[in-house]
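Q: Below are the structure tokens for one structure; questions will follow.
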Amino acid sequence: MNAIQIHNTGGPEVLQLVDLPIPVPGPGQVLIRVEAVGVNFIEIYFRKGQYKATMPLVPGSEAAGTVEDLGSGVTGFKPGDLVASVGVLGSYAEYALVPAAQLVKVPDGLSPEQAAAAMLQGMTAHYLAHSTYPLKAGEIALVHAGAGGVGLLLTQMASKIGARVITTVSTKEKAELSRDSGAAEVILYTEQDFVAETKRLTGGKGVDVVYDSVGKTTFEGSLNCLRPRGLLALFGGSSGAVPPFDLIQLSSKGSLFITRPTLWHYVATRHELEWRAGEVLSAVKSGELKLRMEHMYPLSDAGRAQAEMEERKTAGKILLEP
């Protein structure tokens with residue numbers, strides 16, 4: 001099978017197309033023929049060495065495809081089922097092994113591309129809006145990277161709840177995408193100070209919650225956008241890691257809260273995985289949740305796909321097609 005493999009950490013050029021044997025499922029595993037791969041920042045973190053992994057590595061953490069074979073002890077799936085997974089390394093390939101416990105069936109009527117575009121970023125948006133800080137109607141949320149994959153989905157979910165959503169984006173084109181997803185106000189951070197503008201838009205009060213996937217360059221400003229006892233959900237670091245931070249600042253800025261969540265702790269049980277995935281995929285099927293997935297690359301162009309994501313040249317979801 002064709003697969004992308006990394007032998008050393010580095011830039012996009014370390015993502016090499018190689019020929020590997022098709023893996024054989026062991027106990028509790030399912031072999032899927034991959035039809036669509038979601039590209040996410042976590043794979044960039046592994047490529048650059050920010051997250052540690054044993055080399056050589058076939059990256060990937062999100063895929064949809066058809067069940068080809070089952071290992072011993074697997075129940076609930078059969079060959080031919082369309083399935084999707086998150087949190088499993090090795091999806092940058094034509095075939096991948098997935099623990100059955102981390103697979104969900106894709107509802108009839110959804111394509112592999114839709115499933116791969118919705119799973120990781122959709123469930124991330126879901127846990128942020130429904131669990132990390134359960135938004136209520138009338139509350140105000142600031143969403144950084146508002147035209148990114150998570151940003152667009154999170155804005156839709158938060159708006160549906162009845163929250164007022166303020167987003168930050170880098171271009172006027174991305175601002176339109178964000179407004180189309182339900183943002184009440186959009187801040188062009190390349191032209192405006194997002195802290196001053198957020199304070200102006202909230203009458204100086206600040207927001208209830210900041211959902212921040214950017215990290216290093218936005219962290220301090222995100223704290224300054226919060227109302228007293230507001231919460232910063234720092235769920236990514238696309239601009240780099242946040243430097244060491246003195247917790248006394250949380251007191252001086254208004255008894256603030258910070259959390260650094262990750263999806264895996266919000267789908268830790270089979271019940272929670274099926275609940276989140278079910279709600280997200282059902283919303284996509286009904287049209288309530290709209291996906292943007294115009295950026296599709298062949299598997300061999302994985303390096304270009306990651307580079308364009310890093311350089312913020314894309315909006316919405318990036319997919320690879322084996």
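Q: What about residue 188, is it surrounded by fewer than 18 Cβ atoms within 10 Å (Cβ to Cβ) and touching a strand residue (DSSP E or B) at 6+ places or on another chain (Cβ under 7 Å)?
A: So residue 188 passes the test.
Q: Oh, and also: Which residues, taken from the range 298-309, are surrounded by fewer than 16 Cβ atoms within 10 Å (Cβ to Cβ) and in contact (Cβ under 8 Å) with a residue 60 or more places away in the chain?
A: 300, 304
Q: Right, residue 38: under 24 Å from the mean Cα position of the chain (by Cα) and farther than 28 Å from residue 274 by Cβ or not?
A: When the stated conditions are applied, residue 38 does not pass them.
Q: Out of the residues in the range 44-59 meeting the condition of being touching a residue at least 24 places away in the same chain (Cβ under 8 Å) and in contact with a helix residue (DSSP H, G or I) (Cβ under 7 Å, 6 or more places away or on another chain), tell me which one is farthest from residue 240 (Cα to Cα).
A: Per the stated criteria, the residue is 57.
Q: So which residues in the range 83-123 are assigned to a loop (DSSP other than H, G, I, E, B) and touching a helix residue (DSSP H, G or I) at 6+ places or on another chain (Cβ under 7 Å), if there are any at all?
A: 87, 88, 92, 106, 107, 109, 110
Q: Which condition does residue 281 not pass, out of (1) in a helix (DSSP H, G or I); (2) open to solvent by 10 Å² or more (accessible area, probe 1.4 Å), if it passes all the others?
A: (2)
Q: Which of the residues belonging to the range 240-258 are open to solvent by less than 40 Å² (accessible area, probe 1.4 Å) and either polar (S, T, N, Q) or modelled with pLDDT of 95 or more (or both)?
A: 250, 254, 256
Q: Only residues that are open to solvent by less than 10 Å² (accessible area, probe 1.4 Å) and touching a strand residue (DSSP E or B) at 6+ places or on another chain (Cβ under 7 Å): list them for the range 41-70, please.
A: Residues satisfying the conditions are 47, 59, 60, 61, 62, 63, 64, 65, 67.
Q: Tell me whether the range 183-203 contains one or more residues that are aromatic (Phe, Trp, Tyr) and within 23 Å of residue 280 (Cα to Cα).
A: The answer is no; no qualifying residue exists.
Q: While we're looking at this one, here's another question. Examine the range 140-151 for a residue that is over 19 Å from the mean Cα position of the chain (by Cα) and under 25 Å from residue 202 (Cβ atoms), and state whether such a residue exists.
A: yes
Q: If you take the residues in the range 133-164 that are out of contact with any Lys or Arg (no Cβ under 9 Å at 6 or more places or on another chain), over 17 Å from residue 234 (Cα atoms) and outside any loop (DSSP other than H, G, I, E, B), which one is least open to solvent (accessible area, probe 1.4 Å)?
A: 157
Q: Still on this structure: Select the strands (runs of 3 or more DSSP E) contained entirely in the range 1-71, then report the ones holding at least 3 residues which are more than 25 Å from residue 293 (Cβ to Cβ).
A: Filter on the range 1-71 gives 16-19.
Q: Just the residues that are under 17 Å from the mean Cα position of the chain (by Cα) and not small (Gly, Ala, Ser), please, taken from the range 70-102.
A: 86, 88, 89, 92, 102, listed by residue number.
The values are calculated or read from the model by the stated rules, or taken from the named source; none is laboratory data. This structure is a prediction, so every number in the text was calculated from the model and none was measured. Glycine gets a Cβ as well: all are built from the backbone with ideal geometry, and neighbour counts include every protein chain shown. The area values use the complete protein model at the heavy-atom level, side chains included, leaving out ligands, DNA and RNA. Shrake-Rupley method; radii C 1.70, N 1.55, O 1.52, S 1.80 Å.
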